[in-house]
1. What is the number of the single condition among (1) more than 27 Å from the chain's Cα centre (by Cα); (2) assigned to a helix (DSSP H, G or I) that T63 does not meet?
2. Does segment 12-22 contain at least one residue that is in contact with a helix residue (DSSP H, G or I) (Cβ under 9 Å, 6 or more places away or on another chain) and open to solvent by 100 Å² or more (accessible area, probe 1.4 Å)?
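The values are calculated or read from the model by the stated rules, or taken from the named source; none is laboratory data. Note that this is a predicted model, so its numbers are computed, not measured. When we count neighbours, we look across all protein chains shown, and the Cβ atoms used for this are built from the backbone with ideal geometry, even at glycine. Heavy atoms of the whole protein, side chains included, go into the accessibility calculation; ligands, DNA and RNA do not. Shrake-Rupley method; radii C 1.70, N 1.55, O 1.52, S 1.80 Å.
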Amino acid sequence: MLNNIGLPGILLIAVVVLVLFGRGKISSLMGEVGKGITSFKKGISEGKAELENAAAEEAHDVTPDAEKDKV
């Protein structure tokens, strides 16, 4: 169904949405979407850093005691 829309259909939908909601409402909505994306990316990077820190804390040295003294 969506394969047959084309550029004129998308433009028509955009104009109808603009008329219904107004320019101010759409710009504020897009601003909120941008903030949400930024927050999501920040959460992902913080979660990744947290997992890396937890893995680093769990890591332990497996070098035998006799080998540690040689260094």
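1. For T63, the exception is condition (2).
2. yes
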